1. Quick one: in the stretch 14-35, which of the residues that are part of a strand (DSSP E or B) and among the polar types (S, T, N, Q) is modelled with the lowest pLDDT?
2. I'd like the full set of residues that are assigned to a loop (DSSP other than H, G, I, E, B), in contact (Cβ under 8 Å) with a residue 12 or more places away in the chain and more than 10 Å from H11 (Cα to Cα), limited to the stretch 36-58.
3. List pairs: first residue in the stretch 1-22 and over 18 Å from C37 (Cβ atoms) and touching a residue at least 40 places away in the same chain (Cβ under 8 Å), second residue part of a loop (DSSP other than H, G, I, E, B) and more than 8 Å from the ligand (Cβ to nearest atom) anywhere in the structure, Cβ distance under 8 angstrom, at least six positions apart or on different chains.
4. Name the residues in the stretch 17-53 that are surrounded by 13 or more Cβ atoms within 10 Å (Cβ to Cβ), under 16 Å from R2 (Cα atoms) and either away from the ligand (no atom under 16 Å from the Cβ) or more than 8 Å from the chain's Cα centre (by Cα) (or both), would you?
Amino acid sequence: MRDALTLECPHCGETFSLALDVSEGSAEFVVDCEVCCRPMTVAVTIEDGELVDVQVSEE
Ligand SMILES: [Zn+2]
């Protein structure tokens, strides 16, 4: 099952969306901002197939 995350870039403050497969459970990954292309670490907490928390920090 796929869900869409809305992330706020810690570098430029812009928001963009990212597809996420919630069936894979909690995860931490690095993505590049779609606006300024700088990397950020995204940690998602998923319980019972639902997204419950998103933490974004500067890489
Ligand atoms: Zn950015």
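1. Step by step, filter the stretch 14-35, then rank; the result is S17.
2. Once the filter is applied, which keeps residues that are assigned to a loop (DSSP other than H, G, I, E, B), in contact (Cβ under 8 Å) with a residue 12 or more places away in the chain and more than 10 Å from H11 (Cα to Cα), the stretch 36-58 yields only G49.
3. As it stands, the answer is M1/G49, since those pairs meet every condition given.
4. L20, V22, S26, A27, V44, T45, I46, L51 - these are the residues of the stretch 17-53 that are surrounded by 13 or more Cβ atoms within 10 Å (Cβ to Cβ), under 16 Å from R2 (Cα atoms) and either away from the ligand (no atom under 16 Å from the Cβ) or more than 8 Å from the chain's Cα centre (by Cα) (or both).
The values are calculated or read from the model by the stated rules, or taken from the named source; none is laboratory data. These numbers were taken from a predicted model, which means no experiment stands behind them. Cβ atoms come from the backbone with ideal geometry, glycine included; neighbour counts cover every protein chain shown.
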